[in-house]
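What follows draws every value from the coordinates through simple rules; no lab data is involved. If you're wondering where the values come from, they're calculated on a predicted model, not measured in any experiment. When we count neighbours, we look across all protein chains shown, and the Cβ atoms used for this are built from the backbone with ideal geometry, even at glycine.
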Amino acid sequence: MATTAISLSGLNAASQGLAVTANNVANANTDGYRAKRLDLEEQQEGGVQASKLTESQEPTGPGSSNVDYATEMTSLMTQSGAYAANLQVMKTQDQMLGQFMDMKG
């Protein structure tokens, strides 16, 4: 799989992970809500993809959810870092291609 496609799969997975985290935080005060986690799967040709969405089995308190803000913030930092890293790979590849094209010209 080409570097661009691998990085794009990472960007998509991080974006989906951010959406799940945002949904958890938005529903933190919803009675009986169970936090969700996005599981990723490595693709054989490179990159990752979302494989399934699982519900946390942690108990919920009466009149509340089981969303833990510390867990959500950790997830947010992880997903943001993955997004930034994959974006940097794409930028670097673009710069390299630009330099190659300048050399050919």
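For region 18-45, filtered to residues that are part of a loop (DSSP other than H, G, I, E, B) and hydrophobic (A, V, I, L, M, F, W, C), the residue that is farthest from Gly81 (Cα to Cα) is Ala28.
What's the number of the only condition in (1) under 13 Å from Ala35 (Cα atoms); (2) surrounded by fewer than 12 Cβ atoms within 10 Å (Cβ to Cβ) that Met103 fails to meet? Going through the list (1) under 13 Å from Ala35 (Cα atoms); (2) surrounded by fewer than 12 Cβ atoms within 10 Å (Cβ to Cβ), Met103 breaks only (1).
Quick grid of which residues meet (1) touching a residue at least 40 places away in the same chain (Cβ under 8 Å); (2) touching a helix residue (DSSP H, G or I) at 6+ places or on another chain (Cβ under 7 Å):
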{"site": "Gln16", "(1), (2)": "no, no"}
{"site": "Asn29", "(1), (2)": "no, no"}
{"site": "Leu38", "(1), (2)": "no, yes"}
{"site": "Gln44", "(1), (2)": "no, no"}
{"site": "Gly47", "(1), (2)": "yes, yes"}
{"site": "Ser56", "(1), (2)": "no, no"}
{"site": "Pro62", "(1), (2)": "no, no"}
{"site": "Val67", "(1), (2)": "yes, yes"}
{"site": "Thr74", "(1), (2)": "no, no"}
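Look through region 73-95, keep the residues that are among the hydrophobic types (A, V, I, L, M, F, W, C) and under 9 Å from the mean Cα position of the chain (by Cα), and return whichever of them is farthest from Ser9 (Cα to Cα). Looking at the filtered set, the residue picked out is Leu76.
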